[in-house]
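Engineer: The structure is given below, and queries will be raised subsequently.
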Amino acid sequence: MDLKNLLLRKKSPIVKKWCEVVLRTYPEGGQAFLKKKDRFGNPVGHTIAEGIESIFDELLQGTKSDKIPLFFDNILRLRAVQDFSPSKAVGFVFGLKKVIRKELGSKLLKDGTSEEWAAFESEIDGMGLLCFDIYTQCREKIFDIRIKALRNQSHRLLKMAGVAYDLPEDYELSEEDRDLKKAHANKSH
Amino acid sequence: MEEPLKQADVMKGTRKEEVLDIDHSPSLFKRGWMKTPVDIRPSMHCFAGEPARLKVVDFPNPRVWSAMDEDWKLPTNWKEIVMDAFKVRLDRFRTFKLFMDICVRCGACADKCQFFIGSADPKNMPVLRAELFRSVYRKNFTTAGKLLGPIAGARDLTIDVLKEWWYYLYQCSECRRCSVFCPYGIDMAEITIIGRELTNLIGLNIDWIAAPVAFCYKTGNHLGIQPHAYKSMLEFFQDEIEIVTGVRVEPSYNRKGAEILFITPSGDVFADPGTWTCMGYMILFHYLESLGLDITWSTYASEGGNFGLFTSHEMMKRLNSKMYAEAKRLGVKWILGGECGHMWRVVNQYMGTMNLDLAEGSNLEEPVSPITGTKFENTKSTKMVHICEFTADLIKHNKLKLDPSRNDNLKVTFHDSCNPARAMGLLEEPRYVIKNVCNNFYEMPPTTIREQTFCCGGGSGLNAGEDVELRMRGGLPRANAVKFVHEKYGVNMLSCICAIDRAVFPDLMRYWVPGVEVTGVHEMVANAMVLEGEKEKTVNLRNEPLAGTEESEDV
Ligand code: SF4
Ligand code: SF4
């Protein structure tokens with residue numbers, strides 16, 4: 001039996017377990033909620049469940065799918081603003097290999113299948129790289145928004161135009177406080 | 001589509017599966033959330049209030065500090081200050097005392113907070129956010145807590161607990177969504193309000209609140225705009241309006257003897273897209289002049305918003321006092337208020353009792369529309385009418401000449417801003433107005449609007465540049481519903497009646513739903529209005545071609 005057929009037969013446990021790989025990256029106390037099916041009440045869980053299943057389906061279709069980047073975008077857009085390091089944000093992609101290996105076990109080693117599996121694995125690697133790109137784009141968007149927010153601080157513009165009131169600087173900072181302020185500024189930007 | 005969860009249903013247990021479904025909250029209690037220390041992350045909190053702001057309003061402990069520092073530079077007796085103040089407030093606010101006592105941990109509120117939904121961080125479940133305070137309450141004010149400690153869910157107020165308080169107090173936007181689902185009506189927003197009040201007593205606050213408070217105290221508005229600059233800005237709008245409509249509007253300022261005083265958030269005057277809504281008010285008032293409207297703007301009461309609400313009851317009262325003071329000074333009969341969110345919470349829930357003594361000896365009386373004769377009985381105590389009620393009444397009485405096809409380039413949805421929706425029940429009026437001024441209106445799913453509306457993610461002072469990730473998470477459920485109508489109906493305009501929304505949504509849309517713009521309701525009203533003496537209109541207030549005119553340009 002070829003790999004695609006093996007995967008198709010095991011679709012349900014694979015998708016379920018791959019989903020769990022993603023959910024396990026969230027705080028323990030929140031994971032049960034993320035499994036709740038509610039498109040509008042639980043957009044994170046919904047996006048992940050929908051995305052994971054669709055990506056798997058697209059993968060099995062074989063032909064280069066243009067929908068895969070879209071579903072990854074949906075998932076990574078979330079993870080780019082949640083508490084994840086870049087590697088943790090995209091790491092779940094590679095988790096698929098482990099899930100499949102566990103589900104199919106020695107079947108992957110059979111003649112014919114093993115070559116297909118090698119090709120499939122490198123397809124997953126390719127998706128991982130794609131995810132890094134998407135994640136980076138999302139982060140850039142966030143930086144962009146943050147910079148714009150600072151630039152748009154209308155007060156600063158008004159002050160430059162000399163029309164806004166400025167708070168009296170009669171509160172003298174101690175030398176220690178001045179240093180601290182500088183240190184904070186360096187840390188936060 | 002899921003049926004809205006009614007309080008009564010929860011109590012009767014008819015929606016048991018929904019309630020029981022939430023098994024995470026009990027398990028979390030078992031696992032001992034108290035042992036999970038707070039992890040303060042950048043981009044999830046705001047910069048600390050700068051000393052100069054605190055000094056201006058005599059707030060305690062002005063100093064340079066940051067939440068990322070180990071040492072928060074607190075007064076040595078900080079614990080005593082907080083616990084004394086805690087006790088005072090338990091006596092002063094019956095609700096606070098009740099909310100500390102009556103939660104049965106049923107979990108119905110647990111997954112209703114947009115900050116939890118977007119982050120899955122359990123401490124953002126309303127029940128657990130409240131528990132951060134209840135635990136300390138039990139330890140200090142209940143016998144069981146004193147005797148049994150952690151077994152009774154009680155703990156001491158340590159410095160780590162205090163840091164945890166501060167961190168999660170500023171991840172709650174005081175939106176009250178959770179309270180809608182609580183069978184007892186426990187309102188986390190009130191706990192947050194008091195929690196912020198307590199921490200302000202030892203100098204724990206954020207600059208995005210402290211700065212507007214200080215500016216507002218000094219100049220009457222959050223941005224520190226002085227009277228002449230306020231006027232220049234409206235003059236600039238006069239020119240813009242004339243270019244688009246061919247009509248010159250003439251607002252009046254600080255005019256004694258006017259019948260009505262108009263107060264709106266300063267964001268409408270100084271930040272896009274609110275500026276177009278502001279032009280909308282100006283056009284509406286101009287139109288109504290010939291029908292008998294006698295209204296003035298004030299360059300002193302130049303702010304409807306009140307960030308004092310996010311620091312302490314006293315500060316809210318101080319900043320609010322200018323409304324009646326200015327109404328009295330000018331001798332007006334009532335106040336008309338613009339599209340704002342928390343301003344209406346303050347006006348509707350507090351102003352009438354908090355500051356009405358300032359109106360003694362004034363001409364203020366029960367508001368009556370000079371155009372339609374409608375008595376706004378609901379505002380008898382506050383003397384302040386919401387502009388959506390005012391305009392809806394005008395439309396109902398056929399007083400406005402409207403051509404909704406001028407908004408045909410828009411496919412509009414409406415976001416119920418938390419405060420007008422949940423703090424004053426203003427649900428129908430904005431919809432009625434919108435449906436009369438534009439032809440394409442689409443509601444978002446029922447569990448995301450009206451009383452159940454999701455917060456924009458930036459309410460209660462959380463709209464700073466530095467905590468954008470918090471806002472993107474908190475705003476996700478709202479954005480997700482917008483995305484749904486965007487994809488399903490091609491919605492391209494998100495309308496709202498709150499200045500904070502108008503500041504928060506453009507970024508939220510840019511990130512989650514590109515292709516959707518943001519507008520106030522009165523911008524659309526003005527665009528649809530047919531004015532006496534207007535020129536042939538080809539563009540709207542944003543200078544965008546009207547539907548139908550863009551093709552003719554191409555030919
Ligand atoms: S943000 Fe709103 S829903 Fe969340 S805890 Fe605060 S008041 Fe409740
Ligand atoms: S606050 Fe209300 S809804 Fe939430 S757990 Fe307590 S009783 Fe239940």
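The values are calculated or read from the model by the stated rules, or taken from the named source; none is laboratory data. Here the structure is a predicted model, which is why all the values come from computation and not from measurement. Neighbour counts are summed over all protein chains in view; Cβ atoms, including those assigned to glycine, are modelled from backbone coordinates with ideal geometry. Accessible surface is based on the protein model in full, side chains and every heavy atom, while ligands, DNA and RNA are left aside. Shrake-Rupley method; radii C 1.70, N 1.55, O 1.52, S 1.80 Å.
Engineer: Looking at the P(r) of chain A, how many percent of alpha-carbon pairs lie beyond 22 Å? Before the final figure, lay out each step's value.
Structural biologist: Details: 10631 of 17766 pairs.
When every Cα pair of chain A is considered, 60 percent fall beyond 22 Å.
Engineer: Taking beta carbons within 10 Å but only from partner chains, what does the mean come to for residues B:45-56?
Structural biologist: Mean partner shielding for this stretch: 3.
Engineer: Could you list, in their original order, any pairs among B:K97/B:K380; B:K123/B:K317; A:K182/B:K79; B:K123/B:K483; A:K4/A:K67; A:K17/A:K98 whose Cα atoms are separated by more than 21 Å?
Structural biologist: B:K97/B:K380; B:K123/B:K317; A:K182/B:K79; B:K123/B:K483
Engineer: Under a point spin-label approximation (7 Å from Cα along Cα-to-Cβ), what is the B:E235-A:E116 distance to one decimal in nm?
Structural biologist: My value for the distance between the label points is 7.8 nm.
Engineer: Ok, one more. With contacts defined as alpha carbon pairs under 8 Å and 6 or more residues apart, what's the relative contact order of chain B in percent?
Structural biologist: Taking the mean separation of contacting Cα pairs over the length of chain B, I get 16 percent.
Engineer: For the range A:1-78, what does the convex hull of the Cα positions come to per residue, in cubic angstrom?
Structural biologist: Working: hull volume 7.0 nm³, N = 78.
Once divided by residue count, the hull of the range A:1-78 is 90 Å³.
Engineer: Can I get the semi-axes of the protein assembly as shown's equivalent ellipsoid? Compute them from the C-alpha gyration tensor as square roots of 5 times the eigenvalues, in angstrom, largest first.
Structural biologist: Value: 44, 34, 25 Å, ordered largest first.
Engineer: Projected area of the range B:31-205, taken from the Cα convex hull and averaged over every viewing direction, in nm²?
Structural biologist: Working: hull surface 40.5 nm².
About 10.1 nm², averaged over all directions.
Engineer: Determine the order of A:S174, A:S65 by accessible area, beginning with the largest, at a probe radius of 1.4 Å.
Structural biologist: Largest to smallest exposure gives the sequence A:S174, A:S65.
Engineer: Let me ask something else about it. Averaged over peptide B:477-485, how many Cβ atoms belonging to another chain are found within 10 Å of each residue's Cβ?
Structural biologist: 3
Engineer: Between the range B:282-360 and the range B:420-462, what is the separation of their alpha carbon centroids in Å?
Structural biologist: Computed from Cα coordinates, the inter-centre distance equals 22 Å.
Engineer: Which distance in Å, rounded to a whole number, links the C-alpha centroids of the range B:85-160 and the range B:492-555?
Structural biologist: For the range B:85-160 versus the range B:492-555, the Cα centre distance is 44 Å.
Engineer: While we're on this one: Going from most exposed to least, what order do A:K11, B:K411 have by accessible area with a 1.4 Å probe? Mind dumping the intermediate values first?
Structural biologist: Numbers: A:K11 45, B:K411 75 Å².
Correct descending sequence by accessible area is B:K411, A:K11.
Engineer: Cα gyration tensor of the range B:219-396, axes a ≥ b ≥ c as square roots of the eigenvalues: rounded (a/c below 1.5), prolate (a/b > b/c) or oblate? Can you show the working numbers first?
Structural biologist: On the way: a/c = 1.67, a/b = 1.20, b/c = 1.39.
Taking the square roots of the gyration eigenvalues as a ≥ b ≥ c, the range B:219-396 is oblate.
Engineer: Starting from the Cα of B:A144, step 7 Å along the direction of its Cβ; do the same at A:Q61; then give the gap between the two resulting points in nm.
Structural biologist: 5.7 nm
Engineer: Find the relative contact order for the range B:404-546 and round it to a whole percent, using C-alpha pairs within less than 8 Å whose residues are 6+ positions apart.
Structural biologist: Numbers: 220 pairs, mean separation 41.6, N = 143.
Rounded, it is 29 percent for the range B:404-546.
Engineer: Å³ per residue of the Cα convex hull, for the range B:324-408?
Structural biologist: 110 Å³
Engineer: Moving on to the next point. Using a 1.4 angstrom probe and counting only protein chains, how large is the accessible area of B:E50 in Å², to 10?
Structural biologist: For B:E50, solvent-accessible area is about 70 Å².
Engineer: For chain B, what is one quarter of the convex hull surface built on the Cα atoms, given in nm²?
Structural biologist: 25.7 nm²
Engineer: Take B:F441, A:F143, B:F133 and sort them by solvent-accessible surface of the protein heavy atoms, 1.4 Å probe, largest at the top.
Structural biologist: In descending accessible area the options line up as A:F143, B:F441, B:F133.
Engineer: For B:V518, what accessible surface area do you get with a 1.4 Å probe? Give it in Å², rounded to 10.
Structural biologist: 10 Å²
Engineer: Hey, what does the equivalent ellipsoid look like for the range B:404-546, semi-axes from the Cα gyration tensor as sqrt of 5 times each eigenvalue, largest first, whole Å? Mind showing how you got there, number by number?
Structural biologist: Values: eigenvalues 134, 53, 43 Å².
The answer is 26, 16, 15 Å, longest axis first.
Engineer: Under 14 Å from the Cβ of A:E115, count the other residues' Cβ atoms, weight Lys and Arg +1, Asp and Glu -1, and hand me the total.
Structural biologist: Overall, the nearby charge balance is -2.
Engineer: Compute the distance from the alpha-carbon center of the range B:259-274 to that of the range B:233-257, in whole Å.
Structural biologist: Result: 13 Å between the Cα centres.
Engineer: Taking the Cα-to-Cβ direction at B:E314 and at B:A547 and moving 7 Å from each Cα, how far apart do the two end points lie in nm?
Structural biologist: The answer from the label model is 5.5 nm.
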